[in-house]
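Only one structure is covered here, and it is reproduced in the block below.
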Amino acid sequence: MTRVSIVTGAASGIGRAAVEALSSRSERVIAVDRADAVSEVFAGDSNVRSVVGDVTDPELNRRAVDLAEGEFGGLDAIVLNAGVPASGDIVSLPIEVFDRTWEVNVRAVLLGIRAAVPALRRRGGGRIVVTASTSGIAADPNMWPYNSAKAAAINLARGAALDLAADAITVNVVCPGPTETGMTAGLAAMPPVHEALRR
């Protein structure tokens, strides 16, 4: 049986590398990204289907799962990789920046898990992988919104792992250190939040 995965934040960086690695093994992939470019990045790859949308939208997550099952016959894994950074003064950073950081880096992980679990159960089990960060383990100067969100994502995954083990669904977290991606380009000069940059 050919394995089928969903990867979010798939247009660049770690997400794109994950899609390319899976496809190179002739696995099927649903590549999800907010950037329209995701369709162009994987154009011509018969193993990949693209979905454009915001991972904080529950309907987008359901649509990706429906496509995996409808186009490829099921779902075996989901890589919840989409993320946004944020930095700024702890007193003056707009609370909307903090909220958006948590929406993408934490809430969207939960939405992805909720959308994927029924399909993984139908498959008899599967894998959930959450891309967190070493920034979720230790603090970085002025990066407190990102630090706190990634720490929450780590513990969300730990809790989900306990709850889903009986369904033969494993949940793991990867915590990359500084990685050269679109999201980290120009970090030193980064304004409070970079919605355009993707992991």
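Looking at D45, D89, D57, which is the one that is in contact with a helix residue (DSSP H, G or I) (Cβ under 6 Å, 6 or more places away or on another chain), more than 27 Å from A166 (Cα to Cα) and among the charged types (D, E, K, R)? Talk me through it step by step, then tell me what you get.
Numbers: D89 fails: in contact with a helix residue (DSSP H, G or I) (Cβ under 6 Å, 6 or more places away or on another chain); D57 fails: in contact with a helix residue (DSSP H, G or I) (Cβ under 6 Å, 6 or more places away or on another chain).
None of the others qualify; the one that does is D45.
Taking the condition in a helix (DSSP H, G or I) and open to solvent by less than 30 Å² (accessible area, probe 1.4 Å), does A166 pass?
On the way: in a helix (DSSP H, G or I): yes; open to solvent by less than 30 Å² (accessible area, probe 1.4 Å): no.
Spelling it out, it is not the case that A166 is in a helix (DSSP H, G or I) and open to solvent by less than 30 Å² (accessible area, probe 1.4 Å).
Quick one: which of V38, V32 is open to solvent by less than 10 Å² (accessible area, probe 1.4 Å), more than 19 Å from A116 (Cα to Cα) and not in a loop (DSSP other than H, G, I, E, B)? First the steps, then the outcome.
Details: V32 fails: more than 19 Å from A116 (Cα to Cα).
The match here is V38.
Do the conditions hold for S92, that is, is it surrounded by fewer than 17 Cβ atoms within 10 Å (Cβ to Cβ) and more than 29 Å from T2 (Cα to Cα)? Show your work before the answer.
Values: surrounded by fewer than 17 Cβ atoms within 10 Å (Cβ to Cβ): yes; more than 29 Å from T2 (Cα to Cα): yes.
Yes: the conditions hold for S92.
Could you check, for segment 98-114, whether at least one of its residues is outside any helix (DSSP H, G or I) and not small (G, A, S)? Outline the logic, then answer.
Let us first name the residues in segment 98-114 that are outside any helix (DSSP H, G or I), namely none.
The answer is no; no qualifying residue exists.
(1) in a loop (DSSP other than H, G, I, E, B); (2) open to solvent by less than 50 Å² (accessible area, probe 1.4 Å); (3) farther than 24 Å from R107 by Cα: which one isn't true of G44, the others all being true?
(2)
Please tell me if L67 is over 16 Å from the mean Cα position of the chain (by Cα) and open to solvent by less than 10 Å² (accessible area, probe 1.4 Å). Break it down into steps so the answer makes sense when it comes.
Values: over 16 Å from the mean Cα position of the chain (by Cα): yes; open to solvent by less than 10 Å² (accessible area, probe 1.4 Å): no.
Here the answer is no, as L67 does not meet what is asked.
Name the pairs whose Cβ atoms lie under 6 Å apart, with the first residue in segment 72-91 and farther than 21 Å from A18 by Cα, the second open to solvent by 30 Å² or more (accessible area, probe 1.4 Å) and not acidic (D, E), and 6 or more positions between them or separate chains?
A86/V193; S87/N142; G88/P192; I90/W144
Mind checking which residues of segment 126-151 are open to solvent by 10 Å² or more (accessible area, probe 1.4 Å), among the aliphatic types (A, V, I, L, M) and either in a strand (DSSP E or B) or without any contact (Cβ under 8 Å) to a residue 12 or more places away in the chain (or both)?
Across segment 126-151, the qualifying residues are V129, A138, A139.
When the residues of segment 70-90 are narrowed to those that are assigned to a loop (DSSP other than H, G, I, E, B) and of a type in the set (D, E, K, R), which ends up nearest to A132 (Cα to Cα)? Spell out how you get there, then give the answer.
Our first condition is that a residue be assigned to a loop (DSSP other than H, G, I, E, B); within segment 70-90, this holds for 73-76, 81-85, 87-90.
In the following step, the residues that additionally are of a type in the set (D, E, K, R) were identified as 76, 89.
Values: D76: 21, D89: 22 Å.
Top of the filtered list is D76.
Could you check segment 54-69 and list, in sequence order, the residues that are part of a loop (DSSP other than H, G, I, E, B) and of a type in the set (S, T, N, Q)? Before the answer, list the steps.
Residues of segment 54-69 that are part of a loop (DSSP other than H, G, I, E, B), as a first pass: 54-57.
If the condition is that a residue be part of a loop (DSSP other than H, G, I, E, B) and of a type in the set (S, T, N, Q), then T56 is the only one that fits.
The values are calculated or read from the model by the stated rules, or taken from the named source; none is laboratory data. It should be emphasised that the depicted structure is a prediction, and the values quoted were computed from it without experimental measurement. Positions of Cβ are backbone-derived with ideal geometry, glycine not excepted, and every protein chain shown enters the neighbour counts. What goes into the accessible areas is simple: the full protein's heavy atoms, side chains included, and nothing from ligands, DNA or RNA. Shrake-Rupley method; radii C 1.70, N 1.55, O 1.52, S 1.80 Å.
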